[in-house]
Amino acid sequence: MENLNKDFTLVGSKGSDSTEKIAKPALSFFQDAWRRFKKNKIALVAMWIIAITLVFSVISAFVVPQSKANYFNPNKSQVYGNLPPKLSGDLPFWNGDFKAPGSAEKTDVYKAQGVPEKDKYVFGTDKYGRSLAKRTVVGLRISLIIALAAALIDLVIGVTYGIISGWMGGKVDMVMQRIIEIIQSVPNLVVVTMLALLLGQGISSIIIAIGLFAWTGMARQVRNMVLSYKERDFVLASKTLGQSTWKIAVKHLLPNVSGVIVVQIMFDIPSMIMYEAVLSAINLGVKPPTSSLGTLINDGIASLQFYPFQLIIPAIVLSVLSLTFIFFGDGLRDAFDPRASED
Amino acid sequence: MTEPKKVVEIKNLDLTFNKGKKGANKAINNVSLDIYEGETFGLVGESGSGKTTIGRAILKLYDNFITGGEILFEGKDVRNLKGSELREYRSEAQMIFQDPQASLNGRMRVKDIVAEGLDANGLVKTKAERDARVLELLRLVGLNDDHLTRYPHEFSGGQRQRIGIARALAVKPKFVVADEPISALDVSIQAQVVNLMRDIQAKENLTYLFIAHDLSMVKYISDRIGVMHWGKILEVGTSEQVYNHPIHPYTKSLLSSIPSPDPISERQRTPIVYDPTAELDGQEREMREITPGHFVFSTEAEAEVYKKNATL
């Protein structure tokens with residue numbers, strides 16, 4: 001009751017400075033992106049897997065050179081060939097026990113083939129007696145090199161082409177898009193075969209072959225985004241401020257298209273790894289005895305019914321790698337968009 | 001009395017989108033108008049009547065679509081500006097956009113948005129000078145140091161619009177096209193932004209082309225008003241003349257549709273329906289001065305009638 005006698009006071013109005021205050025601390029673009037990225041746990045795990053894979057691949061180049069993975073003793077392939085995975089005799093799965101083709105019971109293949117006690121193969125061996133673990137490590141490395149190099153071509157050609165096409169518009173855009181359609185309509189296996197003839201089989205011809213075709217998807221995506229962004233008010237504002245076309249592309253278009261670019265790259269990388277696998281599987285890929293994930297899978301298919309581990313191991317590596325790239329790309333897209341944050 | 005200096009002169013401007021194609025659209029049809037130094041010229045009209053198009057044409061955003069006539073800025077045709085003259089023009093004429101959300105790049109910090117014109121025109125030499133100028137501009141529009149490193153999505157609509165105003169003012173323009181700067185804002189913020197614009201106008205001696213469809217706001221801020229319909233300007237006069245002594249039937253119809261806050265007069269208000277077929281009878285029309293400074297788009301015969309009935 002005593003409150004009634006008090007004078008009326010105005011609350012909540014302390015001048016504009018207090019109302020204009022933003023309490024959230026100011027962050028730089030990358031701090032902010034990282035804060036958003038951390039919220040996506042799957043993407044965070046994917047990022048670590050990719051980072052570890054990359055570091056592992058780089059280090060493995062010194063520990064497991066290609067020649068080591070390719071070497072086998074032709075006189076001993078009866079002893080070392082087609083061994084199942086073995087880490088230690090005490091483990092339930094990794095003990096070297098395997099139901100050999102034709103027999104009804106599991107036997108210790110290592111003992112049966114007379115492998116010395118000290119020799120163990122974590123991922124088993126192929127029919128020549130080469131360690132699958134070593135070959136997978138080398139294969140992973142080569143697949144990654146191909147994918148990343150092709151992604152770089154994808155990025156450079158695709159983004160530039162897309163921005164030019166979208167920005168110019170009109171007749172230029174029309175011609176550039178028709179060129180893309182022509183490139184897409186050429187059966188690329190034919191071109192890959194030609195390139196293999198011209199440059200010889202090998203990593204570089206695969207990179208060029210994939211790079212020549214893969215950028216069209218990127219160019220289309222970027223062009224679509226640029227078409228919509230170039231009509232936005234902030235681009236018009238930039239024009240009236242006298243900003244040069246080049247600066248508009250770099251400062252306004254690229255940052256806004258970056259989400260699409262990142263996602264497209266992250267989806268392209270697994271498809272490039274797959275494409276390399278397909279090419280290797282039809283003998284247009286890397287030259288044997290060099291291993292890539294594709295050649296390993298191809299070799300594994302032949303013995304799927306007898307020695308399934310020879311296919312399963314590289315297939316799992318390939319799938320996990322592809323998935324992590326997709327999840328990582330998804331996380332990056334959200335992280336690069338300040339508007340995506342909910343708070 | 002000396003004739004005030006003309007900042008912008010538009011002479012018989014024609015502008016067609018998609019010329020020669022299926023969707024050809026003559027957005028501006030034989031428009032002439034003058035904007036004098038230091039004044040606010042209000043442009044009103046219904047949606048799609050070409051208000052924004054005129055504003056953007058002045059700023060050279062639609063150069064490719066202009067099919068006839070010319071736009072003079074301080075006596076020079078803006079379409080022929082090149083090199084240093086063009087750079088100078090870019091810092092003399094600026095624009096405030098309608099949608100504060102769309103007109104700011106969400107990937108840039110406020111500091112960089114406001115400084116864009118400074119960077120593009122090389123108006124600042126050092127980083128310290130740049131920061132100082134940006135801060136000065138933000139304070140001018142009522143924002144503070146806190147806001148320098150923020151992204152546009154962290155601001156309210158009114159704050160965003162003020163960032164847009166700061167960006168336009170950064171290059172110290174003489175002439176600003178305000179393209180419906182307040183239509184995306186709520187009423188209390190509208191007053192805030194309009195008053196801010198008037199304060200700055202008084203401080204920096206700016207000339208505004210104020211585009212809006214809110215008639216009462218246009219009357220409040222404008223010295224002279226042009227009424228547009230279907231890509232043509234139908235009536236130009238001081239805001240007093242246009243509001244209190246409208247001549248053209250379209251203006252009368254437009255004014256009759258303003259709701260009034262008084263329930264008694266509001267109940268008696270009958271909107272005058274405008275019959276646009278009169279515009280389509282194919283007769284040669286041009287801007288004729290009915291009373292001093294008050295022009296109406298009419299034939300000679302119509303002008304005589306208007307003159308006879310004109311009240312002062």
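The values are calculated or read from the model by the stated rules, or taken from the named source; none is laboratory data. None of the values given here were measured: they were computed from a predicted structure. Virtual Cβ from ideal backbone geometry, glycine too; neighbours counted across all protein chains shown.
Report every pair of residues separated by at least 6 positions or lying on different chains whose Cβ atoms are under 6 Å apart, first residue within the stretch B:266-278 and closer than 28 Å to B:A301 by Cα, second part of a helix (DSSP H, G or I).
From the stretch B:266-278, the pairs are B:P271/B:S256; B:I272/B:K252; B:I272/B:S253; B:I272/B:S256; B:Y274/B:P249; B:Y274/B:Y250; B:Y274/B:S253.
Please enumerate the residues belonging to the stretch B:278-301 that are charged (D, E, K, R) and either within 14 Å of B:I233 (Cβ to Cβ) or surrounded by 19 or more Cβ atoms within 10 Å (Cβ to Cβ) (or both).
Listed by number, the residues that qualify are B:E279, B:R285, B:E286, B:R288, B:E289.
Look at B:S91 and say whether it is of a type outside the set (V, I, T) and within 14 Å of another protein chain (Cβ to nearest Cβ).
So B:S91 passes the test.
Restricting attention to the stretch A:277-297, which residues are at pLDDT below 80 and either outside any helix (DSSP H, G or I) or out of contact with any Gly (no Cβ under 7 Å at 6 or more places or on another chain) (or both)?
Residues satisfying the conditions are A:I282, A:N283, A:L284, A:G285, A:V286, A:K287, A:P288, A:P289, A:T290.
Could you tell me which numbered condition A:I316 fails, if it satisfies all but one of (1) free of Cβ contacts under 8 Å to residues at least 24 places away in the same chain; (2) in contact with a helix residue (DSSP H, G or I) (Cβ under 9 Å, 6 or more places away or on another chain)?
Here A:I316 meets the rest and fails (2).
Could you list, in sequence order, all residues of the stretch A:299-312 that are in contact with a Ser or Thr (Cβ under 8 Å, 6 or more places away or on another chain) and either assigned to a loop (DSSP other than H, G, I, E, B) or surrounded by fewer than 22 Cβ atoms within 10 Å (Cβ to Cβ) (or both)?
Hit for the stretch A:299-312 is A:L311, nothing else.
What are the residue pairs meeting all of these: first residue in the stretch A:139-154, first residue over 12 Å from A:A61 (Cα atoms), second residue of a type in the set (F, W, Y) and assigned to a helix (DSSP H, G or I), Cβ atoms under 6 Å, and 6 or more apart or on different chains?
From residues that are over 12 Å from A:A61 (Cα atoms), the pairs are A:D154/A:W215.
Could you tell me which residue of the stretch B:139-153 is farthest from B:V194 (Cα to Cα), considering only residues that are more than 10 Å from chain A (Cβ to nearest Cβ) and hydrophobic (A, V, I, L, M, F, W, C)?
B:L140
Need a quick list: helices (runs of 4 or more DSSP H) entirely within the stretch B:71-140 having at least 3 residues that are aliphatic (A, V, I, L, M) and surrounded by fewer than 21 Cβ atoms within 10 Å (Cβ to Cβ).
Helices (runs of 4 or more DSSP H) meeting the threshold: B:127-140.
Looking at B:N64, B:N30, B:N25, which is the one that is within 14 Å of chain A (Cβ to nearest Cβ) and not charged (D, E, K, R)?
From the options B:N64, B:N30, B:N25, the qualifying one is B:N64.
Would you mind finding the one in B:S265, B:S239 that is closer than 26 Å to B:Q192 by Cβ and of a type in the set (S, T, N, Q)?
Among B:S265, B:S239, only B:S239 is closer than 26 Å to B:Q192 by Cβ and of a type in the set (S, T, N, Q).
Limited to the stretch B:278-312, what total is found for residues that are of a type in the set (F, W, Y) and either in a loop (DSSP other than H, G, I, E, B) or touching a Gly at 6+ places or on another chain (Cβ under 8 Å) (or both)?
Matching residues across the stretch B:278-312 total 1.
Do we find a residue being surrounded by 13 or more Cβ atoms within 10 Å (Cβ to Cβ), closer than 26 Å to B:V187 by Cβ and modelled with pLDDT of 85 or more anywhere in the stretch B:227-234?
So far as the stretch B:227-234 goes, yes, one or more of its residues are surrounded by 13 or more Cβ atoms within 10 Å (Cβ to Cβ), closer than 26 Å to B:V187 by Cβ and modelled with pLDDT of 85 or more.
Looking at the stretch A:242-261, I want the residues that are within 11 Å of another protein chain (Cβ to nearest Cβ) and touching a residue at least 12 places away in the same chain (Cβ under 8 Å) and have a partner that is assigned to a helix (DSSP H, G or I) and hydrophobic (A, V, I, L, M, F, W, C) with Cβ atoms under 7 Å, at least 6 apart or on another chain. Which pairs are those?
A:I248/A:V235; A:H252/A:F234; A:H252/A:V235; A:L253/A:I163; A:L253/A:V226; A:V257/A:V222; A:V257/A:M225; A:V257/A:V226
So if I check each of B:V124, B:V114, which one is more than 10 Å from chain A (Cβ to nearest Cβ) and within 19 Å of A:F234 (Cα to Cα)? Give the derivation first.
On the way: B:V124 fails: within 19 Å of A:F234 (Cα to Cα).
Being more than 10 Å from chain A (Cβ to nearest Cβ) and within 19 Å of A:F234 (Cα to Cα) holds for just one of B:V124, B:V114, which is B:V114.
Kindly indicate which of A:S205, A:S238, A:S280, A:S292 is hydroxyl-bearing (S, T, Y), away from every other protein chain (no Cβ under 14 Å) and in contact with an Asp or Glu (Cβ under 7 Å, 6 or more places away or on another chain).
Criteria check complete, one pass: A:S292.
How about the stretch A:208-235: which of its residues are at pLDDT below 85 and not charged (D, E, K, R)?
A:I208, A:A209, A:I210, A:G211, A:L212, A:F213, A:A214
Hey, any hits in the stretch A:111-124 for a residue that's assigned to a helix (DSSP H, G or I) and either at pLDDT 85 or above or over 18 Å from A:G300 (Cβ atoms) (or both)? Step through it out loud before you land on a result.
Start the filter on the stretch A:111-124 by keeping residues that are assigned to a helix (DSSP H, G or I), which leaves A:111-112.
Next, from what is left, pick out any that are either at pLDDT 85 or above or over 18 Å from A:G300 (Cβ atoms) (or both): A:111-112.
So far as the stretch A:111-124 goes, yes, one or more of its residues are assigned to a helix (DSSP H, G or I) and either at pLDDT 85 or above or over 18 Å from A:G300 (Cβ atoms) (or both).
Among the residues of the stretch B:94-111, which ones are under 25 Å from B:I35 (Cα atoms) and more than 7 Å from chain A (Cβ to nearest Cβ)?
Hits for the stretch B:94-111 are B:I96, B:Q98.
Inside the stretch B:1-57, can you point out the residues that are in a strand (DSSP E or B) and at positive phi?
B:N12, B:N30, B:G45
With respect to the numbered conditions (1) surrounded by fewer than 19 Cβ atoms within 10 Å (Cβ to Cβ); (2) over 20 Å from A:I157 (Cα atoms), which one is the sole condition not fulfilled by A:T290?
Of everything listed in (1) surrounded by fewer than 19 Cβ atoms within 10 Å (Cβ to Cβ); (2) over 20 Å from A:I157 (Cα atoms), A:T290 misses just condition (1).
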